[in-house]
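All of the numbers you see were taken from the coordinates with simple rules; none came from a lab. Here the structure is a predicted model, which means the values were calculated and not measured. Cβ placement follows ideal geometry from the backbone for every residue including glycine, while neighbour counts extend to all protein chains displayed.
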Amino acid sequence: MLVANKSLLANFKGKHEGQSAIVFGTGPSLKKFKWSLLPEIPDVSAGVNYIIFQHDIKLDYYFSSHYIHRPGYNPPVHYANKIIERSWQNKDMKVFIGSSPYARWAEFSIKHVNKMHNATVFELTNKVGSGYFANDIVSMPFYNHSIIFSPIQLLLYAGIKKLYLVGCDCGGNHSCIDVKDGTGKIQSEREANHHVNFKRHWRKFVRFKMRHYPNLEVISINPVRLEGMFTDLYL
């Protein structure tokens, strides 16, 4: 199991105070996104999982926590290799790899993490409830269940005041079943249905936000299942 070093996260306190940020998920609505249609260019960008295969999206922060599992499909080494490759191509990108003792899927090995440029291991918790989102990422583990919450928790700790969400489609026909990982394979229908449950965690995030970050403005780009939860912007 990977071991987190929480002390390294203290450096992010207030790092992006008052700035805007954009976080990329990998839902199909990502295909509709165009930078030119945003009202501004966000100061900071972050993304998760298979977004690493999107070479046209340059990130300041990248987060992943485990291999994506599919029946009959062994954990793809090429996924870790792609993270390693991109981390060295863009040395300004900070890589975060999550560690959870209750992960349903295989974690990255310490061998892979050590090959990634500028990588930090962080701790995840599988506990459920708005009180388990981390407003202090040094003393608390990151809320798990969807990796998209990890960059958000870090950026809030860093002091952002505006957050754009892209590709957060929350399951069913709108999940990331058609987001490729470079092999041409896609996620299973079972995995798509599992993503439907993500919306309940977003509701818990809203309660967390209202308690700890009431002035944070959240703009959801081309929302599907998150429609009406934040400020909606259709491109």
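Determine, from the Cβ-Cβ distance of V128 and E17 and an R0 of 25 Å, the FRET efficiency 1/(1 + (r/R0)^6), rounded to the nearest 0.05. Computed FRET efficiency for V128 and E17 comes out at 0.25.
Look at V95, V218 and count the other Cβ atoms within 10 Å of each Cβ; fewest to most, that gives V218, V95. This ranking places S65, S130, S36 by how few other beta-carbon atoms lie within 10 Å of each, fewest first, which gives S36, S130, S65.
Our estimate of slack between K82 and D43, defined as 0.36 nm per intervening residue step minus the Cα-Cα distance, is 11.5 nm. Label-to-label distance for K34 and S7 is 5.0 nm, based on points extended 7 Å past Cα in the beta-carbon direction. For the stretch 221-235, 3J(HN,Hα) computed residue by residue from phi via the Karplus equation (6.51, -1.76, 1.60; θ = phi - 60°) reads 8, 6, x, 10, 7, 8, 4, x, 7, 10, 7, 8, 10, 9, 9 Hz, glycine and proline entered as x. Across the cross-link table entries K13/K111; K13/K82; K127/K199, which are compared at the Cα atoms, the separations over 23 Å belong to K13/K111; K13/K82.
For T120, nonlocal amide neighbours, meaning residues 5 or more places apart or on other chains whose placed amide H falls under 5 Å from its own, are V95, F96, I97.
Here the calculated FRET efficiency for D232 and K91, from their Cβ-Cβ distance with R0 = 45 Å, stands at 0.80, rounded to the nearest 0.05.
Looking at the stretch 1-37, the trypsin sites (Lys or Arg not before Pro) that sit in a DSSP loop and have at most 14 other Cβ atoms within 10 Å of their own Cβ are K13, K15, K34. Put in order of Cβ neighbour count within 10 Å, fewest first, the listed residues F122, F198 become F198, F122.
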